[in-house]
Amino acid sequence: MERTMSTDAAKTALLDALLSLQTRAEADAFLSDLCTPAELRAFAERWQVARLLDGGDKTYREIAVEASASPTTVVRVARSLKDMPHQGYRLVLDRQKTPSDQA
């Protein structure tokens with residue numbers, strides 16, 4: 001009987017694989033193998049929505065149009081930025097800010 005990896009162990013292995021990537025090209029190659037084109041578009045869309053929301057100068061409707069995202073996606077990402085305990089978007093948004101952005 002073949003043993004399967006637990007969901008937690010599989011997630012940990014995936015996170016370790018992501019952390020091992022060293023360049024944008026490596027990340028692109030790995031994600032292109034791992035995800036369907038639609039999944040990659042959805043990830044990129046959500047990330048663009050998060051960045052636009054963080055900018056704070058556009059309405060949800062404007063963000064949806066600019067990111068080619070549904071209003072539901074914009075609301076879901078906004079909720080993640082404000083209310084969810086993980087705060088993954090916030091962590092990366094803050095890390096990617098330049099010192100001039102933080103002034």
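The values are calculated or read from the model by the stated rules, or taken from the named source; none is laboratory data. Predicted, not measured: the structure shown is a model, and the values here were computed from it. A quick note on method: Cβ atoms are made from the backbone with ideal geometry, for glycine too, and the neighbour counts reach across all protein chains shown. Protein only, heavy atoms only, side chains kept; ligands, DNA and RNA dropped before computing areas. Shrake-Rupley method; radii C 1.70, N 1.55, O 1.52, S 1.80 Å.
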query = Can you tell me which residues in the range 14-36 are part of a helix (DSSP H, G or I) and surrounded by 13 or more Cβ atoms within 10 Å (Cβ to Cβ)?
reply = Phe30, Leu31
From the options Glu62, Glu26, residue that is among the acidic types (Asp, Glu), farther than 30 Å from Val75 by Cα and without any contact (Cβ under 8 Å) to a residue 12 or more places away in the chain = Glu26
ask   = With respect to Glu39, is the statement that it is among the acidic types (Asp, Glu) and within 25 Å of Leu14 (Cβ to Cβ) true?
value = yes
task = Could you please tell me which pairs satisfy a Cβ distance under 8 Å, a separation of 6+ or placement on different chains, a first residue in the range 37-54 that is surrounded by 13 or more Cβ atoms within 10 Å (Cβ to Cβ), and a second residue that is not in a helix (DSSP H, G or I)?
result = Glu45/Ser68; Glu45/Ala69; Arg46/Ala69; Gln48/Ala69; Val49/Ala69; Leu52/Lys58
message = Just to verify a result, which residue in the range 1-13, among those that are assigned to a helix (DSSP H, G or I) and not charged (D, E, K, R), is most open to solvent (accessible area, probe 1.4 Å)?
response = Thr7
